[in-house]
Amino acid sequence: MDIWNCCYTCIVSLWLRRFYIYCAVAFGISIWIIIWFTTTKTKKKGEKSNGKPPPSEGIEDKLLNTSATLQAKEVYVAGVKIFYGSQTGTAKRFAEGLAKAVISLNLPVEVVGMGDYDPDDCLAEETTSKNVCVFLVATYTDGQPTESAAWFCKWLEEAANDFRFGKTYLKGLRYAVFGLGDSVYVDHYNTVGRNIDRWLWMLSASRIMTRAEGDCNVAQSKHGSIEADFEAWKAKFLSRLQALCRGEKKPCSGKCKKGKCKSPEKQSKESSDHEREASEYENTEAEELFETSSEEEVVDAEEAGGTNSVIDVEDLGNIMSHMKKAKREHELEEGGVGTSLTQESTGRKEEGGKREMITPALREALTKQGYKLIGSHSGVKLCRWTKSMLRGRGGCYKHTFYGIESHRCMEATPSLACANKCVFCWRHHTNPVGTEWRWKMDQPERILQEAIENHQNMIKQFKGVSGVKADRFEEAMTAKHCALSLVGEPIMYPEINRFVKLLHQCSISSFLVTNAQFPDEIRNLEPVTQLYVSVDASTKESLKRIDRPLFKDFWQRFLDSLKALSEKQQRTVYRLTLVKAWNVDELKAYADLISLGKPDFIEVKGVTYCGESSASNLTMANVPWHEEVVHFVQELADLIPDYEIACEHEHSNCLLIAHKKFKINGEWWTWINYDRFQELVQEHERSGGSKTFTAADYAARTPRWALFGSRERGFDPLDVRYQRKNKARDISGC
């Protein structure tokens with residue numbers, strides 16, 4: 001009983017003091033948890049520093065490790081592509097050495113010579129391939145790329161400066177650049193490597209590491225020789241590649257300016273400034289491009305505030321004085337270099353009392369876009385369809401509709417200036433504008449001679465390019481057609497008649513496009529092979545919204561131009577550009593305009609999206625599908641009884657309506673007998689203009705594959721159509 005009483009007393013005592021007991025137990029458990037947590041954390045840190053995996057402790061730990069293993073199996077790098085441009089073989093040797101090192105990492109690798117690679121077809125595929133692209137490029141004579149890399153570099157430069165590709169064309173492509181150069185040539189040291197790095201950056205490709213430059217000059221080389229420079233870079237590259245394979249994030253955004261990457265600790269601080277720096281980089285060039293074409297017509301800037309804006313020459317307004325002031329300050333900082341340029345420009349302006357249309361800054365900008373400029377107001381450029389037909393991949397819609405040989409067509413203009421600021425302008429209004437000719441004028445003989453020479457030089461660059469047909473390359477060296485539709489308003493050129501006659505004397509056909517704002521010039525125009533008028537809208541309101549003409553009486557000028565067109569005896573064409581939600585619902589008004597101008601043909605084409613611009617709110621939503629264009633054309637043809645649908649070119653989203661007079665015995669004759677035209681125009685010249693001829697006199701039968709409803713849908717069966725894998729962006733430029 002004594003034992004029982006003792007136990008009972010203890011139990012009752014514990015129960016009465018249970019609160020204190022609970023507190024003591026809780027305190028003890030807390031101390032144990034803290035000790036366990038601290039010990040485990042220290043142990044894991046030690047194992048991590050020794051490179052040993054932590055031991056598995058229980059079911060939860062096993063599940064976590066299994067999840068991590070599955071995640072590690074995700075492919076972060078599918079392989080490596082090594083591009084090289086070499087003249088003496090050094091870059092090729094480096095590429096092969098790097099390939100062996102990459103293979104040792106159990107990664108697929110491909111070594112590609114730039115001369116055997118077509119970037120127009122293949123480079124965009126690398127945006128989704130998960131490959132890492134390495135560019136080993138040498139700088140050759142005078143800072144130029146090697147012969148094998150010349151075409152690759154030319155394409156990349158034009159793409160980086162062409163609005164039609166867009167700023168995100170290569171977004172997703174990961175790359176690294178190693179340049180081979182010689183610092184003895186100070187002015188051209190590693191120019192090609194720097195340019196390729198910059199052009200890829202401009203197209204939104206992402207650097208995986210800082211650009212490196214090897215130096216053949218052993219006295220200046222960082223590591224004693226170019227081989228040692230490359231080995232040092234290769235070690236860093238392989239380390240970076242291994243990190244990417246593990247899925248580690250990049251040490252920087254890949255968008256660092258001028259090829260110099262920021263360190264990880266600086267990156268977080270400067271990442272918020274990246275977009276601002278990018279826009280500043282783009283606008284540094286853009287703000288220098290423009291000078292007013294007519295000082296009396298300058299209006300207030302409507303869109304100058306956009307970060308990506310391209311300042312229109314008519315929209316400088318109240319920012320002009322600020323820009324001039326900044327330019328003067330910059331010239332003083334450069335130690336007089338800018339002053340000499342200013343004096344030179346002033347001299348040009350004073351010479352003859354008129355200034356040149358193309359300012360130095362504008363000349364630089366257009367050259368970057370691939371233009372070959374002639375004199376002070378003309379230009380020539382290679383059309384993508386010329387390149388396509390050289391490779392046997394089909395010609396443009398003019399080949400389907402009229403029998404033009406696209407690889408023998410020279411796209412040019414004797415006037416870069418225009419009287420409109422269309423919302424779908426190819427060049428986003430980087431060309432001058434004005435309502436009359438106020439500039440220094442070059443002679444037509446010089447323009448034609450240099451246009452042909454420049455065109456031939458651009459064709460020569462395709463010699464040996466993969467896929468180019470030898471017979472077509474030889475034919476392309478002699479231009480047979482001239483499309484005066486490059487940019488601007490060719491009919492503004494005061495000597496346009498003389499220029500057209502010179503074309504015909506060289507047996508070159510003439511296809512002239514005008515925006516229907518110069519009716520007197522249309523009436524006075526000498527016979528051309530085919531005269532186009534752009535009919536971008538059918539009402540005054542929609543024409544003002546789409547073409548944004550400078551003339552106050554633009555609508556009357558437009559109507560008078562169509563009337564002047566009806567008086568022409570040679571072939572005439574209306575060119576309708578359909579912009580969805582803007583001008584596709586004006587069928588009856590279009591029919592009335594057709595009855596006014598009585599054109600021989602009506603081309604109807606869906607608008608080509610040319611990229612973002614602050615000068616236009618046009619988007620991909622405004623681009624009609626081909627079937628929508630077909631539907632519009634069918635409805636329009638029902639309203640004009642003298643016309644029928646004749647041809648189709650699906651590739652260009654374009655159809656042709658022709659007057660029934662070109663349908664002879666049930667067959668269409670929309671093609672052109674170019675030899676016969678040359679005979680007729682020469683007879684016209686010799687007769688002093690008394691002997692005339694009509695469009696029917698040089699018509700030719702249209703082949704069946706070009707007709708509307710054919711199985712080929714306008715694609716020449718002699719060629720092979722190439723389907724792009726990346727079809728997200730249309731850069732046809734038609």
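The values are calculated or read from the model by the stated rules, or taken from the named source; none is laboratory data. Quick caveat: nothing in here was measured; it's all calculated off a predicted structure. Here the Cβ positions follow ideal geometry from the backbone for every residue, glycine too, while neighbour counts run over all protein chains shown. Remember, those area values only see protein heavy atoms, side chains included, never the ligands or the DNA or RNA. Shrake-Rupley method; radii C 1.70, N 1.55, O 1.52, S 1.80 Å.
General remarks:
- Residue list for region 650-663, restricted to those being at pLDDT 95 or above and more than 22 Å from Leu593 (Cβ to Cβ): Lys663
- First in region 653-669 and farther than 19 Å from Gln569 by Cα, second anywhere and among the β-branched types (Val, Ile, Thr) and outside any loop (DSSP other than H, G, I, E, B), Cβ under 6 Å, 6 or more apart: Asn653/Val629; Leu655/Val604; Leu655/Val633
- Flag for Pro145 being touching a strand residue (DSSP E or B) at 6+ places or on another chain (Cβ under 9 Å) and modelled with pLDDT of 85 or more: yes
Per-residue answers, yes or no, for (1) on the phi < 0 side of the Ramachandran plot; (2) at pLDDT 90 or above; (3) open to solvent by 20 Å² or more (accessible area, probe 1.4 Å):
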| residue | (1), (2), (3) |
| --- | --- |
| Lys48 | yes, no, yes |
| Pro55 | yes, no, yes |
| Ile59 | yes, no, yes |
| Lys73 | yes, no, yes |
| Val80 | yes, yes, no |
| Ser86 | yes, no, yes |
| Ala99 | yes, yes, no |
| Glu110 | yes, yes, yes |
| Asp120 | yes, no, yes |
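- Evaluation of Val681 against (1) modelled with pLDDT of 95 or more; (2) among the β-branched types (Val, Ile, Thr); (3) within 18 Å of Arg575 (Cα to Cα); (4) assigned to a helix (DSSP H, G or I) (one fails), failing number: (3)
- Among residues of region 397-412 being in a loop (DSSP other than H, G, I, E, B) and at negative phi, the one that is surrounded by the fewest Cβ atoms within 10 Å (Cβ to Cβ) is Glu405.
- Listed conditions (1) open to solvent by 20 Å² or more (accessible area, probe 1.4 Å); (2) touching a strand residue (DSSP E or B) at 6+ places or on another chain (Cβ under 8 Å); (3) more than 30 Å from Leu203 (Cα to Cα); (4) at pLDDT below 95 are all met by Leu639, apart from (2).
- Residues in region 578-604 that are open to solvent by 20 Å² or more (accessible area, probe 1.4 Å) and at pLDDT below 90: Lys580, Ala581, Trp582, Val584, Asp585, Glu586, Leu587, Lys588, Ala589.
- Options Val186, Val218: the member that is modelled with pLDDT under 90 and within 32 Å of the chain's Cα centre (by Cα): Val186
- Of all residues in region 133-152, those being more than 21 Å from Ile459 (Cα to Cα) and either in contact (Cβ under 8 Å) with a residue 24 or more places away in the chain or crowded, with 24+ Cβ neighbours inside 10 Å (or both) number 10.
- Condition met for Ser415 (surrounded by fewer than 19 Cβ atoms within 10 Å (Cβ to Cβ), at pLDDT below 95 and touching an Asp or Glu at 6+ places or on another chain (Cβ under 7 Å)): no
- Checking each residue in region 124-149 for being closer than 21 Å to Leu203 by Cβ and out of contact with any helix residue (DSSP H, G or I) (no Cβ under 8 Å at 6 or more places or on another chain) picks out Ala124, Glu125, Glu126, Thr127, Thr128, Ser129, Lys130, Asn131.
Condition check ((1) out of contact with any Lys or Arg (no Cβ under 8 Å at 6 or more places or on another chain); (2) among the charged types (D, E, K, R)) across all residues:
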position: Ile496; (1), (2): yes, no
position: Lys501; (1), (2): yes, yes
position: Ile508; (1), (2): no, no
position: Phe511; (1), (2): no, no
position: Glu526; (1), (2): no, yes
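- Test result for Pro490, over 30 Å from Thr146 (Cα atoms), open to solvent by less than 20 Å² (accessible area, probe 1.4 Å) and not small (Gly, Ala, Ser): yes
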